[in-house]
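Bear in mind these aren't lab numbers, they're just calculated from the coordinates by the rules spelled out. The model shown is predicted, which means the values in this text are computed figures rather than measured ones. Positions of Cβ are generated from backbone atoms using ideal geometry, with glycine treated the same way; all protein chains shown enter the neighbour counts.
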Amino acid sequence: MHELAVAQALVEQVESVIRQHRAQSASLIRVRIGPLSGVVAELLANAFPLAAAGSRMEHAVLDLVAAPITVRCETCGAQTEAAMNRLVCGACGDWHTRITSGDELVLESVELETAPTLAPNS
Amino acid sequence: MCDTCGCNLTPGNRHLAFKPVAPGTTAVSVLKGLLAKNDDQATHNRAHFDRRGILAVNLMSSPGSGKTALLEATLTALKDEFTCAVIEGDLETENDAERIRALGVRAHQIVTGTACHLDAHLVHDALHQIDLDGVDILFIENVGNLVCPASFDLGQHLNVTLLSVTEGDDKPAKYPVMFRAADAMLLTKTDLLAVLDDFDPDKAEAHLRELANPAPVMRLSARKALGMEAWLAWLRSELAAQRARVKNGQTRRPAIQPDGQQLHRARA
Ligand SMILES: Nc1nc2c(ncn2[C@@H]2O[C@H](COP(=O)(O)OP(=O)(O)OP(=O)(O)O)[C@@H](O)[C@H]2O)c(=O)[nH]1
Ligand SMILES: [Mg+2]
Ligand SMILES: [Zn+2]
Ligand SMILES: [Zn+2]
Ligand SMILES: [Zn+2]
Ligand SMILES: [Zn+2]
């Protein structure tokens, strides 16, 4: 269950964004996740509350955006969708392809709650 | 790139940043890999290896596919040629490290407890407990597991994924993340092929190609010393390649760790 380790890494990153931007808390956390990242979205969603308990993002919504798998063919140049275990070119069938989407595991954005009435120079 | 918070604004994604939302709320674009901290540590580990001219090889497979047996045969064959060292990762026990030490090779055992994979921090701790002086090749035997070890860069230069012929030739199709990460795939225990009629090595190789992976496939039996020469020759050529890289101040990341370029490229 490495999704817990990934959730803990996510909490650390969001915590540092909260700190950097002097915010109160995070209300929404958007993660882009491709099936080839090796992390299962449902398991990450289940692990997140455990990792976030007691932190400044424990009430945040975790928005997991599923990235599609697409490949670019090195032979014919076509960009096509592919299946997780069949990463061949959808146009010509060649297996000499490169992943253009689908292996990412990226913290895309965070919505931060800032103090509503922050006294100046307090 | 904003180094402090990981903001990575490009013309393509600038519109995502600081988008006005509800009052009292700020949206911040981050675009940073979730495993960035592990990857930074892995980069540091790789620098340790490169400074000493060491080639680091990470062995991954299901439990029991023959990683330690392969190491035993390999270390014995290379004994007079290179100095090797081994880091062993297991959930429990020192058994594998003891098997390696019995050959007179230095070995450090990482006992992960509940963690089903090694990560770059565990390996770094181990690096400071093992004598790397004069080492040419460092083997890291990962925890037997076909799922998560592929997601954690340890600082190795090469991933070697073992598939024993008792496991079924469609494993690459079932565990694409792991087999996509292989810089070489070894079909092990080939002495058993004669008694198993349902494992087709060509099919296993075809499944690997369907993952767009050009890695060499070697068929061997560590126990019966079959096909070892091709594997040893591959190691020799990879060590030579590593030495050439070190001379030119370059390094190499294993097959498919998504590189920073890709993680940070603009997404509209
Ligand atoms: N027939 C045959 N058996 C082998 C061969 N290599 C390993 N084995 C057997 O497979 C079993 C597991 O081998 P190990 O080398 O311990 O496997 P491992 O991948 O290190 O196992 P873990 O570290 O527990 O994941 C042992 O009983 C070995 O004797 C081989 O080439 N041929
Ligand atoms: Mg072992
Ligand atoms: Zn094509
Ligand atoms: Zn910033
Ligand atoms: Zn794991
Ligand atoms: Zn160090």
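Name the helices (complete DSSP H segments) of chain B with a Cα length along the long axis of 15 Å or more and a Kyte-Doolittle mean of at least 0.0, or state none.
B:67-78
Would you calculate, for chain B, the mean residue ellipticity at 222 nm contributed by helices, counting each DSSP H stretch of 4 or more residues as -39,500 (n - 2.57) and dividing by all residues, to the nearest 500?
One gets -9500 deg cm²/dmol as the mean residue ellipticity at 222 nm.
For the stretch A:2-112, give the share of DSSP beta bridges that are antiparallel, in percent and rounded to the nearest 5; count only bridges with both residues there.
Rounded to the nearest five, the antiparallel share is 70 percent.
For residue A:21 and residue A:100, FRET efficiency with R0 = 35 Å and r from the beta-carbon atoms, rounded to 0.05?
It comes to 0.65.
If you add up the charges near residue B:186, with Lys and Arg at +1 and Asp and Glu at -1, over every other residue whose beta carbon is less than 15 angstrom from its beta carbon, what do you get?
With Lys, Arg at +1 and Asp, Glu at -1, the neighbours total -3.
Just for the Cα atoms in chain A, what are the lengths along the principal axes, largest first, rounded to whole Å?
Answer, in whole Å and largest first: 64, 32, 16 Å.
Determine the shielding of peptide B:178-187 by partner chains: average, over its residues, the number of Cβ atoms on other chains within 10 angstrom of each Cβ.
Other-chain Cβ atoms within 10 Å of each residue's Cβ, averaged: 1.
Students often get this wrong: which residues of the stretch A:31-50 have the backbone nitrogen under 15 Å from the point 7 angstrom along Cα-to-C-beta of residue A:81?
Of the residues in the stretch A:31-50, A:35 have backbone N under 15 Å from the label point off residue A:81.
Roughly how far apart, in whole Å, are the Cα centres of the stretch B:173-220 and the stretch A:21-59?
36
Can you tally the lysine pairs in the protein assembly as shown where the Cα-Cα distance is under 27 Å and the two residues are eight or more apart, or on different chains?
For the protein assembly as shown, the number of qualifying lysine pairs is 19.
Let me see the pair-distance distribution of the stretch A:46-116: every alpha carbon pair, 10 Å bin width, integer percents in order.
18, 31, 19, 18, 12, 2
For the stretch B:88-213, count all C-alpha to C-alpha pairs, find those more than 25 Å apart, and express that count as a whole percent of the total.
More than 25 Å apart: 33 percent of the Cα pairs in the stretch B:88-213.
Viscosity 1.306 mPa s, temperature 10 °C: give me the Stokes-Einstein translational D for chain B in µm²/s, with Rh taken as the Kirkwood radius over C-alpha pairs.
In µm²/s, the coefficient is 80.
Across peptide A:96-103, how many C-beta atoms of other chains are within 10 Å of each residue C-beta, on average?
Averaged over the peptide's residues, the number is 3.
What order, most packed first, do the peptides B:211-223, B:74-86 have when packing is the mean number of other Cβ atoms within 10 Å of each residue?
B:211-223, B:74-86
At a threshold of 8 angstrom on Cα-Cα distance, excluding pairs fewer than six apart, so keeping six or more, what relative contact order does chain A reach in percent?
33
Could you quote the convex hull projected area for the protein assembly as shown, Cα atoms only and averaged over all directions, in nm²?
Orientation-averaged projected area of the Cα hull: 21.9 nm².
Please tell me the relative contact order of chain B in percent, rounded to the nearest whole number, where contacts are Cα pairs under 8 Å and at least six residues apart.
22
Between residue B:243 and residue B:101, how high is the FRET efficiency from 1/(1 + (r/R0)^6) when r is the Cβ-Cβ distance and R₀ = 30 Å? Nearest 0.05.
0.65
Take the Cβ-Cβ distance between residue B:230 and residue A:65 as r, set R0 to 45 Å, and report the resulting FRET efficiency rounded to the nearest 0.05.
For residue B:230 and residue A:65, the calculated efficiency is 0.55.
In degrees between 0 and 90, to the nearest 10, how far off the longest principal axis of chain A does helix A:41-52 point, with axes built from Cα atoms?
Here the helix axis deviates by roughly 20 degrees.
Over the stretch B:91-212, what is the relative contact order in whole percent, taking alpha-carbon pairs under 8 Å and six or more residues apart?
Contact order relative to length: 21 percent.
Would you mind giving the mean number of other chain beta-carbons within 10 Å of the Cβ of each residue in A:31-39, as a whole number?
Going residue by residue through A:31-39 and averaging, the value is 5.
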